[in-house]
Amino acid sequence: MDFLGVPFPVFAGQLLIGLINGAFYAVLSLGLALIFGLLNIVNFAHGALYMVGAFVAFLLLDVLGIGYWPALVLSPIIVGVFGMAIERFLLRPIADLDHLYGLLLTFGLALLIEGLFRQVYGVSGETYAIPAALQGGFNLGFMFLPTYRAWVIVAAVVVCGATWFLIEQTRLGATMRAAVENADLVRAFGVNVPLLVTLTYGLGVALAAFAGVLAAPIYSVNPLMGSNIIIVVFAIVVIGGLGSIKGAILSGFLLGIAEGVTRVYYPEASNIIIFVVMAVVLIVRPAGLFGKTA
Amino acid sequence: MTDITKTEDARTVRARSRSSSILADVRLWAAIGFVLLLIAPHYVYPVFVAKILCFALFAAAFNLLLGFAGLLSFGHAAFFGMSAYVTGYCLQTLGFSAELGILAGTAAGALLGLGMGLLAIRRQGIYFAMITLALAQMVYFVALQAPFTGGEDGMQGVPRNALFGVIDMSTNMNVYYLVLGVFCIGLFIIYRTVHSPFGQVLKSIRENEPRAISLGYDADHYKLMAFVISAALSGMAGSAKVMVFQLASLTDVQWQMSGEVVLMAVLGGIGTMLGPIVGATIIISLQNELAQIGSISTIVQGAVFVFCVLAFRRGIVGEIKHRWALWRSRSS
């Protein structure tokens, strides 16, 4: 049973891995896009906070004995509150300066957070067991599908969909979009825009933490897990353009799949395929696939 | 909105136009610095000072782009590291003499800069930063997998071939003076670039790009030129580093290295000639002190970054210049 020159199980297996990576890319770039929309900064600390999300889940289990399902809710809340504190006390004072300062500040934060965790936990990483309900898998006839991996994809799609719904279909989302267009005007209508900004940063960071908890049982919980993924997510964000929620989600999944397919045909290039796609997009369509302006 | 590079306010500029005392003479300070660097290796471990000089040149090259063209690159490790590999390969496998090895590395940096610059200047601001970071990461993966770099092991025991084929480079002292020469050439190129009509156009593009374009300047062309010069000089710094440590490794191409050079420039003072040198000296000394204690160095660097952005945006040299100018305008 061959498919495009390779055995179909091999192809499907890599496609699945691609989809899973794509799920993480999608949730992370969605958070980046949300934050960028209102704060106009690229949150360099996003990867570090994704890592913190995974560590909070690990610590909840290790120290307090709180399992996976509560952690899936608790960890994003804890990291989200931490993120709101970062926004309120570090990012707001420099909000009126060149946005590159925001990038530099969050880069420093990423170093700081990562360094602290590395100091305490080393670089070898901790393991986090797959919850009992999601162990095992299905035999699809042509391949074995682990339940947890299927769950990751479903959870990511649901969370992305819910966030899209929140932004595009609710009153709160409408206010947020209005604030993106013209913050001063929205403020004149009596909306507490600074609070909205803080909440948005919290939400974006909570998404990163959610991805971190999802990742914990798949990858080892490692202080370096964030910086490895965040640069790829940056490339995806350049490809998709930071302008739209849908664009961020779609390009996340698409590039994850592209990475998986490349691993089938030319494994050596699978690490760099996303950067190559980024280069091509920059030449053909500098504003990004879903971007409006350059 | 204040621009990241506009650290001088009107008062500073007005005051500077009046200050023409001997203390403000660039040539005097350059001469003093040069003499100090000439005698330094007799009092301090020469390899340590040579390392500082390499990174100071790297930071100054980076600052040429950020401080004078307003472009924040997060991918300068690519030039530094790739040039180190090329120089290492030329010295080790091809048996080039020292100066040819460094020239080859510099050329590699320029070429890579041309390729990355062509892509990166298509977007501005934070996108520029993200694109350079992503492209540099691509270079990192290439370095990880390409056969000639030695992968995880890197290139070790790179020979210090003789300069021009005749001058012996086997002692640390001789290598130090070679690096000092490279440093001076690099810094002179940066100084001339900034204080030339080309540099003035760069500044005008930084301040107001649409206006510069409307005056007939091809902004993209100027930005690309600045990018290539900066990349070439970063490459030169990387090549010189190979001569000092006889080693080229993945550390040189990693994104952490790109971040370090940003920190050196920010800490020392963006858009000043001396700032990156001061910043590099402090960061390298700091790493030297903290190297033994796990990741404390990363933590301190992160904290310094946050502090600089929040409360010390002019950097050390920028702050001194600012205070000095204020003091002069008050006392005159």
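If I filter the stretch B:299-311 for residues that are surrounded by fewer than 21 Cβ atoms within 10 Å (Cβ to Cβ), at the interface with chain A (Cβ under 10 Å from one of its Cβ atoms) and assigned to a loop (DSSP other than H, G, I, E, B), do I get at least one hit?
no
Would a scan of the stretch A:236-248 turn up a residue that is over 19 Å from the mean Cα position of the chain (by Cα), among the hydroxyl-bearing types (Ser, Thr, Tyr) and surrounded by fewer than 23 Cβ atoms within 10 Å (Cβ to Cβ)?
no
Count, please, the residues in the stretch B:118-158 that happen to be among the polar types (S, T, N, Q) and either crowded, with 16+ Cβ neighbours inside 10 Å or in contact with a Leu (Cβ under 8 Å, 6 or more places away or on another chain) (or both).
Total meeting the criteria: 4.
Hey, among the residues in the stretch A:190-228 that are touching a Phe, Trp or Tyr at 6+ places or on another chain (Cβ under 6 Å) and either within 14 Å of another protein chain (Cβ to nearest Cβ) or β-branched (Val, Ile, Thr) (or both), which one's farthest from B:TYR140 (Cα to Cα)?
The residue in question is A:VAL221.
For the stretch B:113-141, what are the residues that are touching a Ser or Thr at 6+ places or on another chain (Cβ under 8 Å) and either of a type outside the set (A, V, I, L, M, F, W, C) or more than 7 Å from every other protein chain (Cβ to nearest Cβ) (or both)?
Selection gives B:GLY113, B:MET116, B:ALA120, B:PHE128, B:THR132, B:ALA136.
What number goes with the only condition from (1) in contact (Cβ under 8 Å) with a residue 40 or more places away in the chain; (2) aliphatic (A, V, I, L, M); (3) out of contact with any strand residue (DSSP E or B) (no Cβ under 9 Å at 6 or more places or on another chain); (4) away from chain B (no Cβ under 11 Å) that A:ALA85 does not pass?
Unmet condition: (1).
Of these, B:PHE183, B:PHE198, B:PHE188, which one is closer than 30 Å to B:ARG27 by Cα and touching a Cys at 6+ places or on another chain (Cβ under 8 Å)?
B:PHE183
From A:ILE272, A:ILE283, A:ILE245, A:ILE231, which residue is facing chain B (nearest Cβ under 10 Å) and closer than 14 Å to A:SER29 by Cβ?
Residue meeting the stated conditions: A:ILE231.
Would you list the helices (runs of 4 or more DSSP H) that sit entirely within the stretch A:177-288 and hold 1 or more residues that are of a type in the set (Lys, Arg)?
It comes to A:183-188, A:245-265.
Values in this text are rule-based calculations from the coordinates and carry no lab data. Everything quoted here is computed from the prediction, not taken from an experiment. With ideal geometry, Cβ positions are generated from the backbone for all residues, glycine too; neighbour counts draw on all protein chains shown.
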